[in-house]
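Quick notes on the structure that follows.
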Amino acid sequence: MEHPFAKYIQMLGKGQRGARDLTQQEAQQAMSMILSGQVEPIQLGAFLMLMRVKEETPEEVAGFARAVRDSLRRPTVFPTVDLDWASYAGKRRQLPWYLLSALLLSNHGIKVLMHGMGEGSEERIYIPAAMQALGLKTAGSLDEAAAQVTKTNFAFIPLKALHSELDRMLGLKSVLGLRSPVHTIIRMLNPFAAATSIMGIFHPGYDETHQRAAALLGDHNLAVFKGEGGEAERNPDSVCKVKLLLDGEMQDEEWPALFSSKHMKDESMDASRLAKLWRGEINDEYGKASVLGTVAIALRAMKRAPSIVEAEALAAKLWGSRDVGYLDKFAV
């Protein structure tokens, strides 16, 4: 008898005339089978690579994301979260200034859950390393993340603790040699059902894929853009094209560059400078512009500001009124 999952591979792999995209429902069913262990390893590899060759559609991403969200374990106490922040690329040219963006929002009462890579390439800085430099502790489980975000308005949980099977599938890149739809899906987990999500992309076109998939899922508010290094971090040296969902309606905005000339690559990548900038001990024009520019995009997505100019003005106001001793409250 033919394996039940074989039909999904056939849909994708029947050649130029016979192959077709999956519907949203088919994608959800296929991913549900994968996550419940109903597929053979060789089938998973074939499926992921067929998807990679043709590239996933918004309908497929929405179906995959729905299956993943349905598979997430709920914490004992489900917290209220305002902003879901995906962080999976890592930084290698500039420090992860966006961590200060998230903390600035949390300092002003906005509850932020960040999820992403716990570790990765030695050439990149990931959020856990940056948090360690700031004296912050990563969450080891959904329950711990729920407790942290309730107490301090901010938490970071690595994918391995959030969804171990997705983390395993993400690791297949080192075996297959290519990214897969998993790299797209993980940005859309939103485990605590936040009203707003923010995410960065690197590969062209995936911003629209995320925007349309989120609309299909019925998500309310979203900001997705090509950020510095692929993270949700505004590069102040470049024009930033942001794709938004505002109350479920798709909008596109072009945010201007904040500097007339580009800054050089950060050769030191000294994460201790994050805390120094927060406390006002150093003056880093690029870092500060990146922090405030990213906060402005988040505020726009959360509908806290009706325009780019007003979002940027509000971000500057929040920075000026931040509690410079705020990081001490996270002491491990």
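The values are calculated or read from the model by the stated rules, or taken from the named source; none is laboratory data. Not measured: the values here are computed from a predicted model. Using ideal geometry, Cβ is built from the backbone for each residue, glycine included, and neighbour counts are taken over all protein chains shown. Areas reflect the complete protein model, heavy atoms only, side chains present, ligands, DNA and RNA absent. Shrake-Rupley method; radii C 1.70, N 1.55, O 1.52, S 1.80 Å.
Below, the figures for the structure above:
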| read-out | value |
| --- | --- |
| Counting all C-alpha pairs of the range 33-93, share separated by more than 15 Å (%) | 72 |
| Rounded percent of accessible protein surface that carbon and sulfur make up, the range 228-303, 1.4 Å probe | 47 |
| Pairs beyond 25 Å (Cα-Cα), from K7/K226; K111/K303; K14/K160; K226/K288 | K7/K226; K14/K160 |
| Cα-based helix-to-principal-axis angle, 24-35 vs the chain, degrees rounded to 10 | 90 |
| Where S268, S290 fall by accessible area, highest first, once all protein chains stay in place (1.4 Å) | S268, S290 |
| Solvent-accessible surface (1.4 angstrom probe) belonging to V309, in square angstrom, nearest 10 | 110 |
| Mean shadow area of the range 155-294 over all directions, Cα convex hull, nm² | 10.3 |
| In order through the range 48-53: 3J(HN,Hα) via Karplus (6.51 cos²θ - 1.76 cosθ + 1.60), integer Hz, x for Gly, Pro | 5, 6, 5, 5, 5, 5 |
| Label zone at F259, where the point sits 7 Å out along the Cα-to-Cβ direction: the range 85-101 residues whose backbone N lies under 13 Å | 94-95 |
| The range 68-121 - Rg (one decimal) and Dmax (whole number), Cα, Å | 13.5, 39 |
| 37 °C / 0.692 mPa s Stokes-Einstein diffusion coefficient of the range 1-109, Kirkwood radius on C-alpha pairs, µm²/s | 195 |
| Cα coordinate range in the range 1-54, projected on the principal axes (Å, largest first) | 30, 23, 22 |
| Descending principal axes extents, the chain, alpha-carbon based, whole Å | 68, 40, 39 |
| Virtual spin-label span in nm between A129 and R279, 7 Å along Cα→Cβ | 2.2 |
